[in-house]
Amino acid sequence: MHHRRILAAVAITAIVMSACGGGSSAAPTTGGSQPAASQPAASQPASQPAASPSVNLPTSVGAGEGELTVLAWPGYAENGSTDPNVNWVKPFEDQTGCKTSVQVFGTSDEAFSLFTTNPDKFDVISASGDASLRLVRAGYVQPVNVDLAKNYADIFPALKDKPYNTVDGVHYGIPHGRGSNLLMWRTDKVKPDPTSWTDMFDPSKPWAGKVSVYNAPIYIADAAVILMKTKPELNIKNPYALDDTQFQAVTDLLRQQKPMIGQYWTDYALQQQAFSKGDVVIGTTWQVITNLLQAETPPAPVKVIKPAEGATGWSDTWMINSKTKHLNCSYLWLDYIVSPSVNAQVASWFGEAPGNSKACALTPADQTNCDVFYAADDAFWQNIWYWQTPEATCVDGRTDVQCKDFDAWSQAWTEIKG
C-alpha cells in the first residue's frame, strides 16, 4: 500500500463503450422522451419519498458530448497530479474526448450539499449509501440503464439491487466498491487487545480522552450496532431504522462517549498522523489507514479488527444527475470506472474492496489487495451494515411506528458534539 494523501484535483475525459455500437448521435436513444430533468422542489425534505419517476431509460449510448464534470470521493478520479504514476483519467479522456473536471469532497454530507446547491454543475457523483437515497428521493439523480454498462455484469452480486442504489426495482447507478469501518488501537497503549466496540465507550478505561471517531451523523449507526448486541430488549433490527425509544438510547450512549473522544476525523491522513504520534490510541477506522500506519518507518504499533458485534461500512454508487447535458459522457464514465483494470487501480489506491469481480485476477498485486480488503469473502460482509439514509418510513419494514429521519440524525449529531 502506497503512502499517500488522496486530495485529487483532476481533469479527465471518457472512453468509448463497446456497447455503444458505433452510434454517433449527440444524445442517448431512449424508448421515448429523455428522463425528466426537473428542478427538485426546495421544500421537499430529502428523507421524504418523492413521486415515483416515470422510467424511460436510454437504449443506446452515442458519442460523447465533449465534457464531463465529476463529484467524487478523493482518490476515485486520479489524473497524475497526486502521484505521476497514478493516472486512470487520461486514458479515459484520450478514448472518448469527454473533457472532464473533478471536484472532491470529504463526507457524504458535503457531497450532498455540493450536488444539490449546484444542480446544474455536476454530471456524475460517487455517492455512499447515506447520500444516494437522499439524492433519489429529492429527484437529483436519474434512473440508469445498467445494460448500457457492459461491466455491470461482473459486479459482485452482493452489491446489486440494494436499497441505497435501487428503488422499487429501478436502478439509480452502478456499484463501485465497498469497505468496512473497523476498530484500531495502538498495541503499546491499549491492553489487552480489544474485541468489542464497547472499549471505545467505557469511561473507566485508561485511554479516555484518546478515542478517535468518524465525524458524521452516520456515526450514530455505529452506536446502534453496539446496542443491537448489548441491549437486545431495544429490538434494534437495523441500525438505520431507529424509533424514538431506540434513538434516545443510541444518542444517550454517544453522549456517554463524548468525554472520551480526543479526535473527530474525516480526513484519514489526519487520523493516521494522530495515531502515529500517539495523540489518540483507539478508534473507528478504515483498513487503508491501518495499512499506512503499519508501512511507516518504523511501523506504528497498531492492530485492527472487525469487532464481534459487526460494523457499519460503505458501498459506493456512481450516479447521474437528472439535469445532465452530457448523458453520453456520463454513461461512458460509469462503464469505464468499474471496468476490471480501472476498478482495480481505484480500489488499490483508495483502499477498499473493488466492485468488479474480475478486478482481483488481473495481477498478483490486485489479488493481494482483494485479500486484504476481503473483496470476495462473503462471510466477512454478512454482519456489515452499509451506510443507508435513515428515513421516517422505517427502513427495517416496520409500519406501526415512525423512525428518525436523516434531519433528526444530523441535528442530534450536532448537539452531541457540542
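The values are calculated or read from the model by the stated rules, or taken from the named source; none is laboratory data. For clarity, every value in this text was computed on a predicted model and none was experimentally measured. Because the Cβ atoms are built from the backbone with ideal geometry, glycine has one as well, and the counts that use them run over all protein chains shown.
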**Test for Thr251: is it surrounded by fewer than 23 Cβ atoms within 10 Å (Cβ to Cβ), of a type in the set (Ser, Thr, Tyr), within 23 Å of Asp199 (Cβ to Cβ) and touching a residue at least 60 places away in the same chain (Cβ under 8 Å)** = yes
**Asked** Taking strands (runs of 3 or more DSSP E) that do not extend beyond region 51-157, which have at least 3 residues that are farther than 23 Å from Lys358 by Cα?
**Response** 67-72, 99-104
**Request:** Report whether or not Lys162 is over 20 Å from Thr266 (Cβ atoms), surrounded by fewer than 19 Cβ atoms within 10 Å (Cβ to Cβ) and not assigned by TED's automatic domain parsing to the domain that holds Asp147.
**Result:** no
**Prompt:** If we scan region 106-113, do we find a residue that is surrounded by fewer than 20 Cβ atoms within 10 Å (Cβ to Cβ) and under 25 Å from Ser60 (Cβ atoms)?
**Reply:** no
**Message:** Regarding region 370-380, can at least one residue be identified that is buried (at least 16 other Cβ atoms within 10 Å of the Cβ), more than 22 Å from Ile174 (Cα to Cα) and among the hydroxyl-bearing types (Ser, Thr, Tyr)?
**Reply:** no
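When you go through Tyr240, Tyr268 one by one, which is the residue that is hydroxyl-bearing (Ser, Thr, Tyr), within 25 Å of the chain's Cα centre (by Cα) and at pLDDT 95 or above? Working first, answer last.
Values: Tyr268 fails: at pLDDT 95 or above.
Sole residue among the options that is hydroxyl-bearing (Ser, Thr, Tyr), within 25 Å of the chain's Cα centre (by Cα) and at pLDDT 95 or above: Tyr240.
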**Prompt:** Mind checking which pairs have a first residue in region 69-85 that is under 15 Å from Gln345 (Cα atoms) and a second that is of a type in the set (Gly, Ala, Ser) and at pLDDT 90 or above, Cβ under 6 Å, 6 or more apart or different chains?
**Reply:** Trp73/Ser126; Tyr76/Ser126
**Asked** Which of (1) touching a Lys or Arg at 6+ places or on another chain (Cβ under 9 Å); (2) closer than 30 Å to Met260 by Cα; (3) surrounded by 22 or more Cβ atoms within 10 Å (Cβ to Cβ) is the odd one out, the single condition Lys404 does not satisfy?
**Response** (1)
**Residues within region 67-87 that are modelled with pLDDT of 95 or more and over 20 Å from Ile174 (Cβ atoms), tallied** = 1
**Request:** Just give me the residues in region 171-191 being farther than 18 Å from Ile226 by Cβ, in contact with a Pro (Cβ under 8 Å, 6 or more places away or on another chain) and of a type outside the set (D, E, K, R), in sequence order.
**Result:** His171, Tyr172, Gly177, Thr187
**Ser276, sole failed condition from (1) surrounded by 20 or more Cβ atoms within 10 Å (Cβ to Cβ); (2) in contact (Cβ under 8 Å) with a residue 24 or more places away in the chain** = (1)
**Prompt:** Just for helices (runs of 4 or more DSSP H) wholly inside region 350-418: which have at least 3 residues that are under 21 Å from Ile337 (Cβ atoms)?
**Reply:** 364-372
**Request:** Just name the residue that is surrounded by the most Cβ atoms within 10 Å (Cβ to Cβ) out of those in region 327-363 that are closer than 15 Å to Ile125 by Cα and in contact with a helix residue (DSSP H, G or I) (Cβ under 6 Å, 6 or more places away or on another chain).
**Result:** Leu332
**Fill in**
Checked region 364-414 for anything hydrophobic (A, V, I, L, M, F, W, C), over 21 Å from the mean Cα position of the chain (by Cα) and not assigned by TED's automatic domain parsing to the domain that holds Tyr240; matches are Ala365
**Asked** If Ala308 satisfies every condition in (1) outside any loop (DSSP other than H, G, I, E, B); (2) of a type in the set (A, V, I, L, M); (3) within 20 Å of Trp387 (Cα to Cα) but one, which is the exception?
**Response** (1)
